[in-house]
Amino acid sequence: MAAKKASESFSKTLIEEVHKWGCMKQTGVSLRYMMEFGSKPTQRNLLISGQFLHKELPIRIARRAIELESLPYGLSEKPAVLKVRDWYLDSFRDLRSFPAIKDTNDEREFTQMIKAIKVRHNNVVPMMALGVQQLKKGMDPKIVYEDLDEIHQFLDRFYLSRIGIRMLIGQHVELHNPNPPLHCVGYIHTKMSPVEVAQNASEDARCICLREYGSAPEVNIYGDPKFTFPYVPTHLHLMVFELVKNSLRAVQERYMDLDRVVPPIRIIVADGIEDVTIKVSDEGGGIPRSGLPKIFTYLYSTARNPLDEHSDLGTADTVTMAGYGYGLPISRLYARYFGGDLQIISMEGYGTDAYLHLSRLGDSQEPLP
């Protein structure tokens, strides 16, 4: 059904080509390679990078388009998922109809095109969340969501791949910046201070908490602000923001009506030889052990999807304390993308500790689902 719908607006030849490219081998790159390669953004290097993306992006996009065709439980037929599939097919067509990149002018035009592709896919996450909601509405409530493991695994692969595609496009586009910020190579900051990023992310999360509840617990950060290592600050900001936001909400809701001193959230930054670890600790009452497996799934959230009320995608940018339930699983994918991980340890009746491990070495290849 979904395949039929897609081929109504896309030619049979294009669909065949998608299947051909979807079988080709993907090529992963490491953080270190991106950093070393991008540190000399000469015209020749930009040309090589453009030529690599011209071949690599269609393979990655085709794989996702094919997966979107054959999802279990009829998820592929949901209107929101069909819309996402159309975006992927449009982007595949744009990339494949772009001629071979032979010189700097071609490469500049190609850069403009992939920039537009990145914008086209801005709302993929909430749109897929909407598709999952559309699926849940029509489902027998007796179905245990653990049984929907296939969908969880698909979304993990799908979002992980999206992180990679956006990183490659964003990195290439940013290398064109004539005045890059100090110590920045594209998206990568070669001397990023995790303490500083944690401070900014905590402030942002506290602002939202203040807006929603009228007050916000303190956040205390322990670690050496002078310690730096190469990483992507936007990725780290997103992860710490999400963890602090969850902790603030838990503490705020636990102490809201109690006449007691609200305990602060503590962030500890430790620099090991292999990993930089950031621990976010709260005394927000913790999560029951039976609930722990649920926190990394995409199907449990009771939070509102921003696209539900704002069918106009442009207005769907407001951040709420609850988000739409994808914060933790997606944060874990961001951590894993560069060889790290995210673990949550909870003490029911006391609080939760989140351990965010970031690989210091930058050698691990992108995971390629």
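The values are calculated or read from the model by the stated rules, or taken from the named source; none is laboratory data. Note that the structure is predicted; figures quoted are calculated from it, not measured. Quick reminder, even Gly has a Cβ in these numbers, built from the backbone with ideal geometry, and neighbours come from all protein chains shown. Accessible surface is based on the protein model in full, side chains and every heavy atom, while ligands, DNA and RNA are left aside. Shrake-Rupley method; radii C 1.70, N 1.55, O 1.52, S 1.80 Å.
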Contact list, first residue from segment 67-90 and over 21 Å from L57 (Cβ atoms), second anywhere and of a type in the set (D, E, K, R) and in a helix (DSSP H, G or I), beta-carbon distance below 7 Å, six or more apart or interchain, is P72/E150; S76/E69; L82/K5
Counting just the residues of segment 156-193 that are in contact with a helix residue (DSSP H, G or I) (Cβ under 9 Å, 6 or more places away or on another chain) and part of a strand (DSSP E or B), which one comes out surrounded by the fewest Cβ atoms within 10 Å (Cβ to Cβ)?
T190
How about segment 15-35: which of its residues are hydroxyl-bearing (S, T, Y) and either open to solvent by less than 20 Å² (accessible area, probe 1.4 Å) or touching a Phe, Trp or Tyr at 6+ places or on another chain (Cβ under 9 Å) (or both)?
T27, S30
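Can you tell me which residues in segment 268-290 are part of a strand (DSSP E or B), touching a Lys or Arg at 6+ places or on another chain (Cβ under 7 Å) and farther than 21 Å from S364 by Cβ?
From segment 268-290, those part of a strand (DSSP E or B) are 268-271, 275-282; that's our starting set.
Of the ones still in play, those that are also touching a Lys or Arg at 6+ places or on another chain (Cβ under 7 Å) are 268, 275-276, 281.
Of everything in segment 268-290, those that are part of a strand (DSSP E or B), touching a Lys or Arg at 6+ places or on another chain (Cβ under 7 Å) and farther than 21 Å from S364 by Cβ turn out to be I268, S281.
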Report yes if A116 is among the aliphatic types (A, V, I, L, M), open to solvent by 10 Å² or more (accessible area, probe 1.4 Å), outside any helix (DSSP H, G or I) and modelled with pLDDT of 95 or more, otherwise no.
no
Positions within segment 201-218 being under 12 Å from Q252 (Cβ atoms), hydrophobic (A, V, I, L, M, F, W, C) and touching a residue at least 24 places away in the same chain (Cβ under 8 Å), in sequence order
A205, I208, C209, A216
The conditions are (1) closer than 23 Å to C207 by Cα; (2) at pLDDT 95 or above; (3) assigned to a loop (DSSP other than H, G, I, E, B), and G349 fails exactly one of them. Which is it?
(1)
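Could you pull out the residue among E203, E242 that is surrounded by fewer than 20 Cβ atoms within 10 Å (Cβ to Cβ) and assigned to a helix (DSSP H, G or I)?
Values: E242 fails: surrounded by fewer than 20 Cβ atoms within 10 Å (Cβ to Cβ).
When all the criteria are applied, what remains is E203.
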L210 fails exactly one of the following numbered conditions: (1) part of a helix (DSSP H, G or I); (2) open to solvent by less than 30 Å² (accessible area, probe 1.4 Å). What is the number of that condition?
(2)
Residue in segment 91-107 that is most open to solvent (accessible area, probe 1.4 Å), counting only those that are assigned to a helix (DSSP H, G or I) and free of Cβ contacts under 8 Å to residues at least 60 places away in the same chain:
N105
Counting only residues that are at pLDDT 95 or above and aromatic (F, W, Y), segment 305-336 contains a total of 1
